[in-house]
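Enquirer: Please find one structure pasted underneath; my questions will follow.
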Amino acid sequence: MFNVQRQERLMDELRRLGAVRVKDLAPVLGVSELTVRRDIAALAERNLLTKVHGGATLPTQLLPSPRRPRPPKTRFTVGMVVPSLDYYWPPIVTGARAAAAALGVHIQLRGSSYDPEEDRRQIGRLVDAQQVQGLLLAPSLDGGGVAEMVDWISGLPVPTILVERQAPRWTPTRRQLEWVRSDHSLGLEMAVRHLHQHGHRRIGLVLSRGSPTSAHLAVGWGLACADLGIPDDLVVRESVGLDVPGHRDIIAGIMRRCRESGTTALIVHGDPDAISIAQFCIELGVSIPDDLALVSYDDEVAHLTEPAMTAVRPPKGHVGRVAVELMVARLTEPRRPVQRVLVTPELVIRDSSVPRQGG
């Protein structure tokens, strides 16, 4: 485990039990007792727990208040360029900033777009200012210019880590790029297997047009359907959000294909598109989940629908934290091996995919 992950797990155990012992935590966290003691000491300095002989307890007002810890001295300045500052990316940025605050890292954030030229412009400005020692990047890696973009990034004068992006497995560059991303393929498999468990044998997939995530979802879709022996032919690569021109006609076509093929469940990427389909179903009198089960991919606003929508939740905050930890490890140990990290999403089950009791 990375430091931040391990300390979060330690705090989870402490909140659950009220008090923990070093010798009990060591096997749970998979580290030595010495490492646990160091983590407890670090968390005690931040007033997050009370250090006692052999372990720790939750803070108590009966004990004298420890002095306020000083913020860690800034060790590095890291640039971070993300394609959006509203949907999907804010939790990643928040996670990165949380890890940065704990590790003495200052983040210079830049918003870009899903445009390679804008990515280059924002990255170039950070590099030209000569104020950053590393870069966390989420560039556009679609289309015919992927090799050129990867080659350009690998030649930057500071270490780089891709966030929610993945370079080709092998690139003829001076250094192989590091990355951390959600395992979207596995997340999609979770959704398919959940629906299969509840009796669905004809399932459809709606992929958001132009999203870098769609390719990973398509891989998971193919693997899950092959493993379960169910058809994989109902795949629609169209955006159907409420702001998409002609979205109602596209959804009508999807619903027609569902009726003709006997499809009883849809997995939709992402929340706005899933919500748009849900609203269309309500207008048609299609009951969710009795007539059509729905699962969304992203879980940004899926809980706001009626019924609340089951969703796959990528570990966005954790991806941001791990990206910062990887960068600090790279900066403090430049010759360490290249790391590429996949983080498993979570399936959040709500009412849109589970048959009603007594139904």
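Enquirer: Measuring from centroid to centroid over Cα atoms, what is the spacing of the range 277-326 and the range 180-256 in Å?
Expert: Cα centres, the range 277-326 to the range 180-256: 12 Å.
Enquirer: Right, another one. Karplus couplings for the range 252-258 from phi (6.51 cos²θ - 1.76 cosθ + 1.60, θ = phi - 60°), rounded to Hz, Gly and Pro as x?
Expert: My calculation for the range 252-258 gives 4, x, 5, 5, 5, 5, 5 Hz in order.
Enquirer: Straight distance only, please: which lysines reach the Cα of Lys23 with their own Cα at less than 24 Å, same-chain residues fewer than 8 apart left out?
Expert: Lys51
Enquirer: Also: Per residue, what volume in Å³ does the convex hull of the Cα atoms of the chain enclose?
Expert: Taking the convex hull of the Cα positions in the chain, it is 177 Å³ per residue.
Enquirer: Let me ask another. Averaging the inverse of every distinct alpha carbon separation and then flipping it gives the Kirkwood radius. What is it for the range 136-243, in angstrom units?
Expert: 15.8
Enquirer: To the nearest 20 debye, what charge dipole does the range 212-350 have about its Cα centre, counting +1 at the Cβ of each Lys and Arg and -1 at the Cβ of each Asp and Glu?
Expert: 700
Enquirer: With n ≥ 4 as the cut-off for DSSP H runs, can you work out [θ] at 222 nm for the chain, using -39500 (n - 2.57) per run divided by the number of residues, rounded to the nearest 500?
Expert: Helix contribution divided over all residues of the chain: -13500 deg cm²/dmol.
Enquirer: Right, something else. Computed on alpha carbon atoms, what radius of gyration and Dmax characterise the range 181-220, expressed in Å?
Expert: 10.8, 31
Enquirer: To the nearest 10 degrees, how steep is helix 33-45 against the longest Cα principal axis of the chain, on a 0 to 90 scale?
Expert: Rounded to the nearest ten degrees, it is 90.
Enquirer: Separate question: Based on the inverse mean of 1/r over its pairs of different Cα atoms, what is the Kirkwood hydrodynamic radius of the range 204-290, in Å?
Expert: 13.4
Enquirer: Provide the per residue accessible area, probe 1.4 Å, for the range 256-359, rounded to a whole number of square angstrom.
Expert: Spelled out: the 1.4 Å probe surface of the range 256-359, per residue, equals 44 Å².
Enquirer: In sequence order, what are the phi-derived ³J(HN,Hα) couplings for the range 109-125 according to the Karplus relation 6.51 cos²θ - 1.76 cosθ + 1.60 with θ = phi - 60°, rounded to whole Hz, with x for glycine and proline?
Expert: 8, 10, x, 10, 8, 7, 9, x, 5, 5, 4, 4, 5, 5, 5, x, 5
Enquirer: If I stretch the segment between Val31 and Val219 completely, what's the gain in nm (0.36 nm per residue apart, minus their alpha carbon distance), one decimal?
Expert: The Val31-Val219 span can extend by a further 64.2 nm.
Enquirer: Out of Gly204, Trp170, Pro289, whose Cα points farthest toward the positive end of the dipole of the range 162-308 (charges: +1 Lys, Arg; -1 Asp, Glu; placed on Cβ)?
Expert: Trp170
Enquirer: In terms of Cα to Cα distance under 17 Å, which aspartates and glutamates are near enough to Lys73, apart from those fewer than 8 places away along the same chain?
Expert: Straight-line reach from Lys73, under 17 Å: Glu45, Glu325.
Enquirer: Can you give the alpha-carbon Rg of the range 96-148 over 2.2 N^0.38 Å, where N counts its residues?
Expert: It is 1.30.
Enquirer: Related question: Charges at C-beta only: +1 for Lys and Arg, -1 for Asp and Glu. How large is the resulting dipole of the chain about its Cα centre, in Debye rounded to 20?
Expert: That gives the chain a dipole magnitude of about 1880 debye.
Enquirer: So, one more: Ignoring ligands, DNA and RNA, what percent of the 1.4 Å accessible area of the range 140-225 is carbon and sulfur?
Expert: 55
The values are calculated or read from the model by the stated rules, or taken from the named source; none is laboratory data. Because the structure is predicted, anything quoted here is derived from the model rather than measured. When we count neighbours, we look across all protein chains shown, and the Cβ atoms used for this are built from the backbone with ideal geometry, even at glycine. Side chains are part of the model used for accessible areas, which takes the heavy atoms of the whole protein and leaves out ligands, DNA and RNA. Shrake-Rupley method; radii C 1.70, N 1.55, O 1.52, S 1.80 Å.
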